[in-house]
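J.: Below is the structure I would like to discuss, written out as structure tokens.
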Amino acid sequence: MAMRQTPLTCSGHTRPVVDLAFSGITPFGYFLISACKDGKPMLRQGDTGDWIGTFLGHKGAVWGATLNMDATKAATAAADFTAKVWDSVSGDEVLSLAHKHIVKSVNFTQDSNHLLTAGNDKLLRIFDLSNTDAAPQEIAGHGAAIKKALWCNDDKQILSAADDKTVRLWDRTSMEEVKTLTFNTSVSSMEYMADGEILVITYGKTIAFYNALSLELIKIAEAPAPINSASLHPEKDFFVAGGEDFKLYKFDYSTQEELESYKGHFGPVHCVRFSPDGELYASGSEDGTLRLWQTAVGKTYGLWKCVLPEDLGADNSEQMYGTTPEIKA
């Protein structure tokens, strides 16, 4: 019997949610941070969506947010020309890093000692968080605002996507460009998977998968609507995508066949990411909410509990659920 997807809705933001990121799995579970145009990034328990706290300090829209692997540090990128580093346990601001324009992207190295930033001034910056007085290293080359910048290859290289319709791979040591991908339209999102060195890029209705080190194309999938973000499952069985038609799509990675689609948001989907255990994926939307979706609908996990008709009793099961079991959130 078919199960019905029941997303968990995480409210609290007052403007569009434009970026989100999960931590790694810690002794306390895993965590989720969201960037929002309301200027107030939020930290949540990853498997339930329960609100933990809000990072207060930015004076403009927050465009990017990330957590380090053990969820002890957070970083945010904002329209107030700063990137900020936070203690995600206490919620305190640790550092405010001044920029010359809107900052769009932040990303920690694996050891959390360096922060990569990028934004509308077309530059990549590497800040040494253990020596905050030192000027950041700067890498120039893009011809337009940079949307996303990510460490890859054990932090030896950097990937960047910009409005100049390119994705570029840079060497950290020489700070030279290694390779460039050029597209016929701006790239809307980019996700890097260290396990397998896979780069997921979305542009237009296309979801493309590349080898992150060689930038060789692996495969391409086409979605029914313009896509703003996509994420590959940790086990690489399938991927999810969301975009302008308010829907979340789930595809088989091997065949690129569409498996499911769900509509829950009341606005375009700006960002989607799988949790580190692959049990759920989170989406952020123009409607100001985050939603958590089950990867395997029908599994008891987090706040989801599988309720079957026979568990409800013969008297009211038909009346409440007909013959289709549901997931109660």
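The values are calculated or read from the model by the stated rules, or taken from the named source; none is laboratory data. Quick caveat, the model's predicted, so the values are computed rather than measured. Glycine gets a Cβ as well: all are built from the backbone with ideal geometry, and neighbour counts include every protein chain shown. The area values use the complete protein model at the heavy-atom level, side chains included, leaving out ligands, DNA and RNA. Shrake-Rupley method; radii C 1.70, N 1.55, O 1.52, S 1.80 Å.
J.: Which trypsin sites (Lys or Arg not before Pro) in the stretch 139-218 pass both tests, a DSSP loop state and at most 12 other beta-carbon atoms within 10 Å? If you can, show how the numbers build up before the last one.
T.: Working: sites: LYS147, LYS148, LYS156, LYS165, ARG168, ARG172, LYS179, LYS205; in loops: LYS156, LYS165, ARG172, LYS205.
When the trypsin sites (Lys or Arg not before Pro) of the stretch 139-218 are filtered for loop state and at most 12 Cβ neighbours within 10 Å, LYS156 remain.
J.: On a 1.4 Å probe surface of the protein chains, which of MET190, MET3 comes out largest in accessible area, and what is the full order?
T.: Working: MET190 5, MET3 65 Å².
Accessible-area ranking of MET190, MET3, largest first: MET3, MET190.
J.: Per DSSP helix of 4 or more residues, -39500 (n - 2.57); summed, then divided by the residues of the chain. What does that give at 222 nm, rounded to the nearest 500? Intermediate results must be reported in sequence, preceding the final value.
T.: Numbers: 2 runs with 12 residues, N = 329.
Per the formula, -1000 deg cm²/dmol.
J.: Taking a 1.4 Å probe, which of GLU258, GLU216 shows the most accessible area, and what order do the others take after it?
T.: Working: GLU258 80, GLU216 100 Å².
In descending accessible area the options line up as GLU216, GLU258.
J.: Using 29 Å as the Cα-Cα cut-off, could you pick out the over-long pairs in LYS37/LYS73; LYS147/LYS305; LYS205/LYS236; LYS165/LYS299; LYS147/LYS247?
T.: On the way: LYS37/LYS73 21 Å; LYS147/LYS305 38 Å; LYS205/LYS236 20 Å; LYS165/LYS299 41 Å; LYS147/LYS247 23 Å.
Too far apart for the 29 Å limit: LYS147/LYS305; LYS165/LYS299.
J.: Heavy-atom accessible area of SER112 with all protein chains present, probe 1.4 Å, nearest 10 Å²?
T.: 10 Å²
J.: Moving on. Tabulate in residue order the Karplus-calculated ³J(HN,Hα) for the stretch 8-14, using 6.51 cos²θ - 1.76 cosθ + 1.60 with θ = phi - 60°, rounded to whole Hz; enter x for Gly and Pro.
T.: 8, 9, 10, 9, x, 6, 10
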